[in-house]
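Nothing in this text is a laboratory measurement; each read-out follows from the coordinates by a stated rule. Only a predicted model underlies this, so the values are computations on that prediction, with no experimental measurement involved. Quick reminder, even Gly has a Cβ in these numbers, built from the backbone with ideal geometry, and neighbours come from all protein chains shown.
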Amino acid sequence: MITVRIRTILYLKIILGKGEVEICVLEGSTLEELFATMVKRWGKKLSSRLFASNSTIPLPYIRLMVNVRDIAFLDKMETELQEGDEILILPPDGRMVMDAFYTMR
């Protein structure tokens, strides 16, 4: 088992109960597996804010970073986690959500 640290802000901080939590996952786990573990723990409250319905692909306006590197420049959700990794989940502020909504129309 390895321990990773999750950091977040805004409404995700409220869902998780605090802005920083540590989670243990199996060695060799990916981001996708970490998020599956998180959804088991925090349920639909969390998954509905991170993923489209019945999907494990993050919503386009959610920013995910591992050790300060955007996952778009890593292996996306298949990024393998290491002991002590810090995962930053950045939800949008209200303006970003509205911009995304009007862009998708």
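Calculated from the structure, Rg/Rh (Cα atoms, Kirkwood Rh) equals which of [x] 0.95; [y] 1.18; [z] 1.25? Recomputing Rg/Rh (Cα atoms, Kirkwood Rh) here picks out [x]. Measuring r between the beta carbons of Thr3 and Ser55 and using R0 = 25 Å, the FRET efficiency lands at 0.40. Could you give the angle, 0 to 90 degrees to the nearest 10, between helix 94-104's Cα long axis and the longest principal axis of the Cα atoms of the chain? Here the helix axis deviates by roughly 70 degrees.
Can you list the trypsin sites (Lys or Arg not before Pro) in region 14-57 that are in a DSSP coil and have 16 or fewer other beta carbons within 10 angstrom? Those that pass, being in a loop and sparsely packed, are Lys18.
Do the sum for the chain: with -39,500 (n - 2.57) for every DSSP H run of n ≥ 4, divided by all residues, what is the mean residue ellipticity at 222 nm, to the nearest 500 deg cm²/dmol?
Details: 3 runs with 38 residues, N = 105.
Calculated at 222 nm, the ellipticity per residue is -11500 deg cm²/dmol.
With respect to the chain, whose longest principal axis is taken over its alpha-carbon atoms, helix 31-50 is tilted by about 40°. About its Cα centre, the chain has a charge dipole of approximately 700 debye under the convention of +1 per Lys or Arg Cβ and -1 per Asp or Glu Cβ, with nothing else charged. Summary value for the chain: 36 percent relative contact order, contacts being C-alpha pairs under 8 angstrom separated by 6+ residues.
Using R₀ = 22 Å, calculate the FRET efficiency as 1/(1 + (r/R₀)^6) where r is the Cβ-Cβ separation of Lys18 and Arg69; round to 0.05.
Working: r = 24 Å, r/R0 = 1.08.
The value I calculate is 0.40.
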